[in-house]
Amino acid sequence: MKTHIARPLKNGDAGTVALAHVIQAIDLTTRPEYRSLWRARNAASSGTGSATGLPHGGHASPMGFWLAGGADPSAAPADGLRITVRAPSDAPASAPEPSATQTFGTGSRPPQTVRLKAVNSGEGDLFLTVSPAAAQVVASEAAWRTHAESVLLAVCQYWRFCAVDVQIDRLTELAHGDIDPATMPGPAALRARQRLTENARAVRELLVDLPHFEGPLTDPLAFCTSERSAQVFESLVEKLQLEEWCEAIDERTEAIEDTYEAVTEKLFEYRNFAWEALLETIIVVILIAELGVMIWDALT
């Protein structure tokens, strides 16, 4: 089944996609109760409509965001990820500035602006500017209606990669502190076993979801409703250099994975060694005690 990303952005009365509005993007990946929304391929039955605690009439992107549209740009919270859609006549002269309170992305990537050329006469070109904190689309109503699905998937994947980068930064910092247990564990590693296990679990959780988030790059048709949408998405992937970004993410993740695989293996080996050493010590103590009793009995 295909994931219909653009459906909630349509105007129910006119049957067209509204312009001059803001699409709010809410991260769902931190809340397990929403996992079935963005992991489901059958968006028509489980990824659209309403969900407890989420804006009504929104839609779950397979990249782990709840997309909810609104006509008033001020309606979306200042600290949320937003996609502003404007007609060419209403577009500002400069790219959108990231929100001062936005902490979702690392902020290390400069805004990128790409153009999608008109598919049909009269549509006009579509311009997309995206950064770790915001996105802006400048297009005619016809152009937005044609490209909405592809643009939303590309923007959400861009933002998901931003979030993954943040996770990798955090896990890399933790891995640097856990290098000793990965090479030569000691009693301190056993005392920190719970913390090390939690860190290793966080790495595994990232590794489990990463293939899903990278899925559109290898199989866009599974995430789009038409071949044309998939082709437009592939064009955006090339322009935004998402494949190169994906490769960098895989390389960074592999280094962390190797570290915590070593931590888990060494910790298991050291724990077995510690138990064996303790058991041998107990046996030796028992033998010494028995020997002492035999000597005492002999002397008395």
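At-a-glance table
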item	result
Rounded to whole Hz, the Karplus (6.51, -1.76, 1.60) HN-Hα couplings of region 235-246, x for glycine and proline	5, 5, 4, 5, 5, 8, 6, 6, 5, 5, 5, 4
Spin-label pair Ala248/Ser108, simplified geometry with 7 Å Cα→Cβ offset, distance in nm	0.7
Residues Arg35, Arg82, sorted so that the one with the fewest Cβ neighbours within 10 Å comes first	Arg35, Arg82
Where labels lie 7 Å past Cα in the beta-carbon direction, separation of Arg170 and Leu299 in nm	6.4
FRET efficiency for Thr281 and Gln231, using Cβ-Cβ distance with R0 set to 51 Å, rounded to 0.05	0.15
Ranking of Thr197, Thr218 by count of other Cβ atoms within 10 Å, fewest first	Thr218, Thr197
Calculated FRET efficiency for the pair Gln194/Lys239, C-beta based, R₀ 51 Å, to 0.05	0.65
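Read-outs: derived from the displayed coordinates by stated rules, not from any lab. Every value quoted in this text rests on a predicted model; they were computed, and no experiment measured them. Positions of Cβ are backbone-derived with ideal geometry, glycine not excepted, and every protein chain shown enters the neighbour counts.
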